[in-house]
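Below is one structure, written out as structure tokens; the observations come after it.
Derivation of every value follows stated rules applied to the coordinates shown; laboratory data play no part. Quick caveat, the model's predicted, so the values are computed rather than measured. Every residue, glycine among them, receives a Cβ derived from its backbone with ideal geometry; neighbour counts consider all protein chains shown.
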Amino acid sequence: MHGNAPYADFADEEELSSEQITTLREDVATVSERTRALLPDEFIVGSELRANPDGTHGAVSVQPPVGQAISTGIPIDASEQEHDTLVHELAAGAALQVKRALSDVEPTAC
């Protein structure tokens, strides 16, 4: 069974206060902005708040110009140091996806 089924049981979901949601929204925006600042304009950085059976979580995703998109969750209780780590890991992961995608390309000239 998938959690996105309309009949999924979300009874165990922990409700966040409006202050917690505001803090999470600000944290997600900060991580997103800082990640965007490290990458060239060709990379698309997006963010969202997700309601899961485990509770509400923030997420930041990066779509490189080539290669697979990557994303990470932002926990509600993450410290500034954890945010720094996530920013650098996202940017490095996106750059690695480009490198992998380009190394898979066969040269066409003989």
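Observations, loosely collected:
- Peptide packing for 73-85, 89-101, 35-47 was compared via the average number of neighbouring C-beta atoms within 10 Å per residue; ordered from the highest value, the list is 89-101, 35-47, 73-85.
- Here's how it looks for Q68: its modeled amide H is under 5 Å from none belonging to a residue 5 or more places away or on a different chain.
- In range of the label at S18: residues from the stretch 54-83 whose backbone nitrogen is under 19 Å from the point 7 Å along Cα→Cβ: 56
- Annotation: the residues H57, H88, sorted from fewest to most other C-beta atoms within 10 Å of their own C-beta, follow the order H88, H57.
- Between S71 and A29, the simple spin-label model (points 7 angstrom out along Cα→Cβ) gives 2.0 nm.
- In order along the stretch 36-52, the Karplus-derived 3J(HN,Hα) couplings, from 6.51 cos²θ - 1.76 cosθ + 1.60 at θ = phi - 60°, round to 4, 5, 7, 10, x, 4, 5, 8, 9, 10, x, 8, 7, 9, 10, 9, 10 Hz, and Gly and Pro are given as x.
- Judged by the mean number of other Cβ atoms found within 10 Å, the most tightly packed of the peptides 20-27, 61-68 leads the ranking 61-68, 20-27.
- Relative contact order of the stretch 18-99, defined on C-alpha pairs under 8 angstrom at six or more residues apart (%): 29
- For I44, distant residues with modelled amide H under 5 Å away: Q63
- Note that the stretch 60-76 has calculated 3J(HN,Hα) couplings of 10, 10, 10, 9, x, x, 9, x, 7, 6, 10, 8, 8, x, 10, x, 5 Hz, one per residue in order, obtained from phi through the Karplus relation 6.51 cos²θ - 1.76 cosθ + 1.60 (θ = phi - 60°); glycine and proline are x.
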